[in-house]
1. Exactly one of these conditions fails for F232: (1) within 19 Å of S147 (Cα to Cα); (2) free of Cβ contacts under 8 Å to residues at least 12 places away in the same chain; (3) among the hydrophobic types (A, V, I, L, M, F, W, C). Give me its number.
2. Just one of the numbered conditions (1) aliphatic (A, V, I, L, M); (2) open to solvent by less than 50 Å² (accessible area, probe 1.4 Å); (3) away from the ligand (no atom under 16 Å from the Cβ) is not true of L244; which one?
3. Quick one: F24 ticks every box in (1) part of a helix (DSSP H, G or I); (2) crowded, with 18+ Cβ neighbours inside 10 Å; (3) within 16 Å of the ligand (Cβ to nearest atom) bar one, so which box is it?
4. Show the residue pairs that are 6+ apart or on different chains and have beta-carbon atoms under 8 Å apart, the first residue being within region 148-169 and free of Cβ contacts under 8 Å to residues at least 40 places away in the same chain and assigned by TED's automatic domain parsing to the domain that holds E228, the second being within 16 Å of the ligand (Cβ to nearest atom) and outside any strand (DSSP E or B).
5. Looking for something open to solvent by 70 Å² or more (accessible area, probe 1.4 Å), assigned to a loop (DSSP other than H, G, I, E, B) and of a type in the set (D, E, K, R) - is there at least one such residue anywhere in region 66-87?
6. Can you name the condition, by its number, that I299 falls short on among (1) within 15 Å of the ligand (Cβ to nearest atom); (2) touching a Phe, Trp or Tyr at 6+ places or on another chain (Cβ under 9 Å); (3) not assigned by TED's automatic domain parsing to the domain that holds L142?
7. Filter region 269-305 for residues that are in a loop (DSSP other than H, G, I, E, B) and either open to solvent by less than 60 Å² (accessible area, probe 1.4 Å) or of a type in the set (K, R) (or both) and give the result.
8. In region 135-216, which strands (runs of 3 or more DSSP E) lie fully inside it and hold 2 or more residues that are within 23 Å of Q258 (Cβ to Cβ) and open to solvent by less than 10 Å² (accessible area, probe 1.4 Å)?
Amino acid sequence: MNRLSVDHLLGIKGLNNNDLELIFDTAKKFKEVINRPIKKVPSLRDITIANLFFENSTRTKLSFELAEKRLSADVLNFSASGSSINKGETLEDTVNNILSMKVDIIVIRHPNSGAPFFLSKKIKSKIINAGDGVHEHPTQALLDCFSLIEKIGDLKGKNVALVGDILHSRVALSNIYALNLLGAKVMVCGPKSLIPKHIESLGVVVEKDLIKALRWSDAVNMLRVQNERMNFNYFPTAREYSQLYRLDRNKLNLINKQVTVLHPGPINRGVEISSEIADSKNAIILDQVENGVAVRMAIIYLLASNMNNDLE
Ligand code: NCD
């Protein structure tokens, strides 16, 4: 199968194993391309893509824009700050206006969970979710898994722990779905107040002791404490959080094995991970950023191919 089973990338939920395999195979080819002296391909010369960012972003926004440009698409960038959103325009109106300018694909980041799904029901363009509230961040999970496979091989039977603020993390939910599809065993680790109730129903193991989680893990994905999504205190102090949940040399010295370390960024150095570990050889944080461009190229390319088929 060389076609995705979906018309939009709204989440990892809804994808199947073939989709993931197809995305990873395509990303591998694009990774070769972006490491060549001529980093561009003409594949999407006739396609226009709008990046609609209703929430702050550095990495994801730059990564999408670069991926689109490497594919030779025309790119429109929109940020909510400084836009007519502040004048009371609805999401649907904003998007319809942009669509009147003949946009084929919309990449959207939005603070409300479900916003990309809502749009996909209202408009004709292909939608790619670049993070919706506390729900999903599918491209992040795909680039995390792609980078992890590159480092430790097939994830079937491998132990992967997601550590930190699971409750507010869209990266966590998308990773759980993706890792489950790839046959990995998944653990979530963090203070009880930051672990959603009933998360076991997603097929994950819950562990509140980071040392035990590290002993179990082949890889750990360290998640940031999402202070901007908290309206009360979920733990006593940042200092206590770090003592218990910061990945640092002291904790790694207590276990007698190598663990691969991921982080989606932005890193709060010293809070969820020490600088020493973030910059160590077991950390694949910058590989994740590099692979993000290739994985996003693959997704855009595959969704656009579906579009061409639709026209035939
Ligand atoms: C993540 C996000 O925005 O969900 N960052 C990212 O996209 N690289 C994680 C975070 O903000 O901590």
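1. Status for F232: all satisfied but (1).
2. For L244, the failing item is (2).
3. (3)
4. Pairs that qualify, where the first residue is free of Cβ contacts under 8 Å to residues at least 40 places away in the same chain and assigned by TED's automatic domain parsing to the domain that holds E228 and the partner is within 16 Å of the ligand (Cβ to nearest atom) and outside any strand (DSSP E or B), are L155/C145; L155/L148.
5. So far as region 66-87 goes, no, none of its residues is open to solvent by 70 Å² or more (accessible area, probe 1.4 Å), assigned to a loop (DSSP other than H, G, I, E, B) and of a type in the set (D, E, K, R).
6. (2) is the only condition that I299 fails.
7. G270, V271, E272, S274, S280, K281, N282, I284
8. By residue number, 159-163, 185-189.
The values are calculated or read from the model by the stated rules, or taken from the named source; none is laboratory data. These figures come from a predicted structure and were not determined experimentally. Cβ coordinates were reconstructed from backbone atoms using ideal geometry, including for glycine residues, and neighbour counts include every protein chain displayed. Protein only, heavy atoms only, side chains kept; ligands, DNA and RNA dropped before computing areas. Shrake-Rupley method; radii C 1.70, N 1.55, O 1.52, S 1.80 Å.
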